[in-house]
Amino acid sequence: MSEEDAIPGLNSLDDIKRVLEAVLLSSAGPLTLAELKKAFAVELTNDFVRRALESLQADWQGRGVELVSVAEGWRFQTRTEMQEHLDRLNPEKPPKYSRAVLETLAIIVYRQPVTRGDIEEIRGVAVNSQIIKTLEERGWIESVGHKDVPGRPALYATTKRFLSDLGLRSLAELPPLPEVARDLFEDAPLEIEEAGVDVLAEAAMTEAEEQMTAETPVVADTEAMSPSPETPEPSQPDAQHV
């Protein structure tokens with residue numbers, strides 16, 4: 001007997017996929033495998049749920065909406081090429097982040113974990129407390145401990161939310177540092193001049209900035225978009241992922 005045959009009320013893999021589809025479409029954010037498994041009356045293995053999700057992902061290929069795996073779990077989102085059409089309906093753009101914020105974020109991303117003092121030495125200027133607060137409130141960085149030096153300053157690193165907002169599953173998927181910026185980090189890790197940070201902010205974070213400042217709507221609405229006419233109608237989902 002297959003795993004799906006043991007689930008009361010579900011007679012096939014297609015039935016299981018429809019449940020996963022309905023749960024994900026009605027969710028306001030990404031869901032982990034553990035959270036998705038709660039939708040079923042019996043215990044399913046992570047491998048089985050993952051295979052069902054991959055099959056569902058294939059079902060949505062070629063549509064305006066896609067099922068993706070990010071750091072925080074699985075979610076439905078609109079494809080990148082659809083953004084220009086969505087922008088015509090909602091022309092308001094989210095606020096741009098200042099150069100100081102992006103430089104600070106870039107240093108944390110590629111040197112994490114780092115202290116505020118490390119960031120200041122790299123940038124060559126003091127780090128305004130509001131910059132750290134902005135990144136923490138956005139959910140992109142968090143304190144992950146304290147450095148074992150006098151004063152025990154906080155160590156900052158990026159969060160799963162940061163990776164999910166970029167559509168990434170892990171830090172390994174981040175765009176690599178441009179060669180010149182990488183050399184600066186390796187040869188003088190705490191003595192980078194302002195020009196070095198300029199290279200990092202402009203070259204390494206260009207792609208990240210574009211994604212971070214653009215809303216990525218997560219479609220969680222209407223059974224009309226589903227490949228299957230039997231997809232349950234979701235209840236009051238959030239229409240966008242910020």
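With (1) among the acidic types (Asp, Glu); (2) in contact with a Ser or Thr (Cβ under 6 Å, 6 or more places away or on another chain); (3) free of Cβ contacts under 8 Å to residues at least 12 places away in the same chain as the list, and Glu72 as the residue in question, which single condition is left unmet?
With respect to (1) among the acidic types (Asp, Glu); (2) in contact with a Ser or Thr (Cβ under 6 Å, 6 or more places away or on another chain); (3) free of Cβ contacts under 8 Å to residues at least 12 places away in the same chain, Glu72 is out only on (3).
Of the conditions (1) of a type outside the set (A, V, I, L, M, F, W, C); (2) in contact (Cβ under 8 Å) with a residue 40 or more places away in the chain; (3) in contact with an Asp or Glu (Cβ under 7 Å, 6 or more places away or on another chain), Arg79 clears all except one; give me its number.
The one condition Arg79 does not meet is (2).
Where in segment 49-165 are the strands (runs of 3 or more DSSP E), entirely inside, with at least 1 residues that are over 25 Å from Leu36 (Cβ atoms)?
Output list reads 141-146, 154-158.
What do you reckon, is Ser2 polar (S, T, N, Q) and modelled with pLDDT under 90?
Here the answer is yes, as Ser2 does meet what is asked.
List the residue pairs whose Cβ atoms are under 6 Å apart, where the first residue sits in segment 114-132 and is under 15 Å from Glu142 (Cα atoms), the second is aliphatic (A, V, I, L, M) and part of a helix (DSSP H, G or I), and the two are 6 or more positions apart or on different chains.
Sorted first by the residue in segment 114-132, then by its partner, the pairs are Val114/Ile108; Ile119/Ile107; Ile131/Ala100; Ile131/Val101.
Those residues that are surrounded by fewer than 15 Cβ atoms within 10 Å (Cβ to Cβ) and over 18 Å from the mean Cα position of the chain (by Cα), I need them from segment 56-80; list them, please.
Hits for segment 56-80 are Ala58, Gln61, Gly62, Gly64.
The values are calculated or read from the model by the stated rules, or taken from the named source; none is laboratory data. No experiment lies behind these values; they were computed from the predicted model shown. Because the Cβ atoms are built from the backbone with ideal geometry, glycine has one as well, and the counts that use them run over all protein chains shown.
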